[in-house]
Amino acid sequence: MYDRNRRIALYSAYVYGAQPAGGHGQNLCGDRIVNDTYTCGRARWCIEPELIAENIAQRNMEECPGNTQKQWLDKVKGSQAVDQDYIGTQYTRAHLNPNGHNTVTDAKAATFTLTNAVPQIQALNKLWAEQYENKMQYFINSVASGPCPSAYVLTGAIPSNNKMNERVTIPSSIWSAFCCVNNGNPTGSMAFWLENDPNVTDIEIMTLRALQNKLGKRLKAQVTLFQNNCEMPA
């Protein structure tokens, strides 16, 4: 789910390792850029033209425009973050659907869109990858032939009132949960939480119910992420 006004993704729902239908346009998203003045020589991130106008809805993910394409860049900035928003900040683009949770090349590339990202403190982005993405990946792969052949994942961000570059909402925290399913029956779950705070040194690992309670308090609403709380019906 994407918020055009906040210019960030609020949550992403996906099946671990699954390939989405269709391609990702120009087959360039996620490619390494060696000399580029606005992506800092890192992985190439894309934008979604279909958010701008219905008459370009047939266009899929495209490279984020540079400063020399001012007219097109201004249109893009009206509904989404751009690479220029991150320059000179302490934040990096944090995947909600991580590249490493996809196994097919096209699916990996499709995660490199700024509509799948939120601003996260750079040091915490590495922490999130090491303590959450890799841990979850190891857990699911280690039991892929047993109780977790399919894992359904929800990852989201809690918006704050702070903005990056006076445009892009900075989340106060990032959360994730997954539900393992075998032959249509839930077999287990796990959840994670990370405050987007430079003083934080570890992520919180918790039960699905604990995460739902935590989200409920933050959002002041009852939260249920998976049917039957990812538990076998009584």
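List of remarks:
- Here r is the Cβ-Cβ distance between ASN183 and VAL104 and R0 is 22 Å; the resulting FRET efficiency, rounded to 0.05, is 0.40.
- Rounded to the nearest 10 Å², the accessible area of TYR16 at probe 1.4 Å: 30 Å²
- Stretching TYR138 away from ASN228 to a fully extended chain increases their span by 29.9 nm, per 0.36 nm per residue minus the current alpha-carbon distance.
- Shown are TYR138, TYR91, whose ranking by accessible area with a 1.4 Å probe and every protein chain present, most to least, is TYR138, TYR91.
- Over the stretch 88-234, the reciprocal of the mean inverse Cα-Cα separation, the Kirkwood hydrodynamic radius, stands at 16.2 Å.
- Rounded to the nearest 10 Å², the accessible area of LEU219 at probe 1.4 Å: 90 Å²
- Under 15 Å, Cβ to Cβ, from LEU215 - net charge with Lys/Arg +1 and Asp/Glu -1: +3
- Annotation: extensible slack from VAL200 through LEU10 equals 66.2 nm (criterion: 0.36 nm per residue apart, minus Cα-Cα distance).
- Accessible area of LYS70 (1.4 Å probe, protein heavy atoms only, ligands and nucleic acids ignored): about 130 Å².
- At R0 = 45 Å, FRET efficiency that the Cβ-Cβ distance of LYS217 and GLN69 yields, to 0.05: 0.55
- Long pairs among LYS108/LYS135; LYS77/LYS163; LYS126/LYS163; LYS77/LYS214, criterion Cα-Cα beyond 23 Å: LYS77/LYS214
The values are calculated or read from the model by the stated rules, or taken from the named source; none is laboratory data. Source: prediction; values computed, not measured. Cβ: placed from backbone, ideal geometry, glycine included. Neighbour counts: every protein chain shown. Just so you know, the surface numbers come from the protein's heavy atoms only, side chains and all, with ligands and any DNA or RNA stripped out. Shrake-Rupley method; radii C 1.70, N 1.55, O 1.52, S 1.80 Å.
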